[in-house]
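The values are calculated or read from the model by the stated rules, or taken from the named source; none is laboratory data. Given the structure is predicted, the values throughout are model-derived calculations rather than measurements. So basically every Cβ, Gly included, is an ideal-geometry build from the backbone, and we count neighbours across all protein chains shown. Please note that ligands, DNA and RNA were not included when accessible areas were found on the heavy atoms of the full protein model with its side chains. Shrake-Rupley method; radii C 1.70, N 1.55, O 1.52, S 1.80 Å.
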Amino acid sequence: MLGLVITTDYKMYKKDFGEPMYKTVGAVVGGYVEHALPMYLAEPFCLLIDEEGKLNHKPINPVASAWYSPVDPIVGTVVVMKDGYVDGERDIVGLTEDECKKIIDHVYAISDEEYRLIDEPQEEQKDGVL
């Protein structure tokens, strides 16, 4: 399932995540996955973040923080996906290519084009494990 990875060092890339998602996404965000609903990003989009990022003193993610809350910053690398349904049950689902492009354009707009879209880093292409 397709997600958009947004780092703290002004890079973003598309990544196809496999199952189990908690492991493949967890490898990218660097810890246990927490589901966050951003105040300033339209439904059904959601952020998947490192649950212990603040405890581990990860750097602030400026884009994710701008979407989430002006007073409670998001730290570390995040993955943008969306809330949906799988087999009739609420779940996290992947983005379409059009939705991914929409989010990329939004990142460019709110970051004054400081972010750049890159190819998926090689070290993360080995079954989602660093």
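Structure notes:
- Volume per residue of the C-alpha convex hull in the range 1-112, rounded to whole Å³: 97
- 3J(HN,Hα) couplings calculated from phi for the range 70-84 with the Karplus curve 6.51 cos²θ - 1.76 cosθ + 1.60 (θ = phi - 60°) are, in sequence order, x, 10, 9, x, 9, 10, x, 5, 10, 10, 9, 9, 9, 7, x Hz; Gly and Pro show x.
- Surface composition of the chain: carbon plus sulfur atoms hold 51% of the accessible area, using a 1.4 angstrom probe and ignoring ligands, DNA and RNA.
- The alpha-carbon positions of the range 46-116 define a convex hull whose volume is 101 Å³ per residue.
- Residues of the range 1-36 falling in the label zone of D98, defined by backbone nitrogen less than 19 Å from a point 7 Å along Cα to beta-carbon, are 2-4.
- Within the same chain, aspartates and glutamates fewer than 8 places from K23 are excluded, and of the rest, those with a Cα less than 19 Å from its Cα are E34, D50, E51, E52, D83, D91, E120, E123, E124, D127.
- The stretch between E52 and D83, if pulled fully straight at 0.36 nm per residue, gains 9.0 nm over its current Cα-Cα span.
- Entry comment: accessible area of the range 28-130 is 61 Å² per residue, from protein heavy atoms only and a probe of 1.4 Å.
- In this structure the amide hydrogen of G30, modeled in the peptide plane, comes within under 5 Å of no amide hydrogen from residues 5 or more places off or on another chain.
- Summary of packing: across the peptides 44-52, 91-99, the per-residue average of other C-beta atoms within 10 Å ranks them, highest first, as 44-52, 91-99.
- Amide H partners (placed H, <5 Å) of D91, local residues excluded: G84, Y85, V86
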